[in-house]
Structure formats: structure tokens, C-alpha cells
1. Scan the helices (runs of 4 or more DSSP H) fully inside the range 1-90 and keep the ones with 2 or more residues being modelled with pLDDT of 90 or more.
2. Can you pull out every residue in the range 58-80 that is within 14 Å of L46 (Cβ to Cβ) and touching a residue at least 40 places away in the same chain (Cβ under 8 Å)?
Amino acid sequence: MRSANIWALSNRTKRLQALLNDFFELSLIESADHQLKTERIVMTLLLSDTLVGFYDSFNERGLTPDIRLPKEPVAVYADESAVRRVVENLLINTLKHATGQVSICFEQRETTAELRIVNEAKDLSDMDVRLLFDRFYTVDRTRSGQGSGLGLSIAKSLMNKMNGTLTAELHGDNLTMICCWPLWSPGETHPHCR
């Protein structure tokens with residue numbers, strides 16, 4: 001009995017530490033003084049590398065994502081560590097909640113590059129989608145102990161800092177997360193995503 005109490009206390013301590021770390025990170029990102037190092041990043045390489053790191057996790061969940069990346073390199077104007085964190089947070093969220101098919105598509109638009117992650121989300125409502133990026137909001141209350149509820153807020157704040165956008169849309173039973181970054185263009189002012 002005593003070892004079960006120690007284990008439960010240790011778990012609570014780890015969750016609290018993770019929450020404090022995430023909250024500190026979000027506060028830091030949202031402060032006016034926090035600057036990101038925006039530079040040319042070849043997104044196709046970064047995404048390939050990040051997705052390979054999640055292969056085993058998708059496999060363990062019995063998910064085989066349909067991944068579509070362009071063959072030619074696509075470069076964006078962003079902060080590399082921030083982009084990695086955004087993509088990782090979105091993939092972690094997908095792994096926690098996805099059922100059925102997962103689609104990951106990255107493509108170049110006219111002045112922007114867009115990443116779309118689509119997964120089945122039968123239990124989501126329009127209200128849930130509107131609140132997804134709010135601090136501490138978790139759709140599945142029974143699993144609220146598994147995360148801080150700050151992952152998507154951190155991702156959205158990082159995208160805003162990079163002049164990008166992160167949005168969510170619900171189409172029937174499918175949730176689509178959309179990241180948009182300005183394309184890298186030498187000598188040009190870098191646009192905001194719309």
C-alpha cells in the first residue's frame with residue numbers, strides 16, 4: 001500500500017513539474033522581450049526528420065499516417081527550434097486523440113507554406129474547436145492528468161511569434177490543424193500568413 005502511495009505521489013509531482021515547465025515556457029514565449037531567431041529553414045527536411053522520430057509512437061497506437069511532402073525543397077522564414085516544437089506538439093496531440101486515419105500534408109502556396117494534420121475526432125464539437133488553443137483546455141476530461149493542456153497554446157504562441165498562423169477546423173468527424181509559415185524569399189519583406 002505504501003509503495004502505491006509513493007508511486008501516486010511521484011506521478012503527481014512529475015505532472016506538476018511538467019505543468020510548471022510548460023507554463024513558464026508559455027509565459028516566456030508571450031513576453032514582449034522574447035525574440036525568435038528567424039532564418040531560412042528547409043521545411044521538407046525538418047518535417048521528414050521530425051516525422052521519423054514519431055514513427056514508433058504512431059506504430060504503437062496502430063496508426064499509419066498518410067504523409068505527403070513535396071519532392072522539391074520548400075524553405076520558410078521561421079525559427080527552427082520553434083518550428084520543431086510546434087510540429088512536435090501537434091503530433092503529440094494527434095497521437096493522444098486520433099482514431100482511424102491520420103493525414104499529414106505539407107505544401108507550398110503562393111507566398112506561404114502550409115502543414116495540414118487531419119485526424120478523425122468524432123467526440124469534438126464546434127465549441128471544443130474554438131477553445132482548443134485556450135490555456136489548460138482539454139477536450140477529454142478523463143485524460144486531463146496526462147498533460148498540462150498547454151501544448152496547443154504554446155504552439156499557437158510560437159506560430160504568432162514567427163508571423164505564422166495555427167488554426168483548427170472541424171469538417172464532419174475530421175479535425176484539421178493548419179499551420180502556415182511565410183515562404184523564404186531573399187531580399188524581400190517577409191509576409192504574414194493570413
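The values are calculated or read from the model by the stated rules, or taken from the named source; none is laboratory data. Small disclaimer: the values here were computed from a predicted structure and weren't measured. Cβ coordinates were reconstructed from backbone atoms using ideal geometry, including for glycine residues, and neighbour counts include every protein chain displayed.
1. Details: elements: 2-30, 43-53, 55-60.
Fully inside the range 1-90 and qualifying: 43-53, 55-60.
2. V74, A75, V76, Y77, A78, D79, E80
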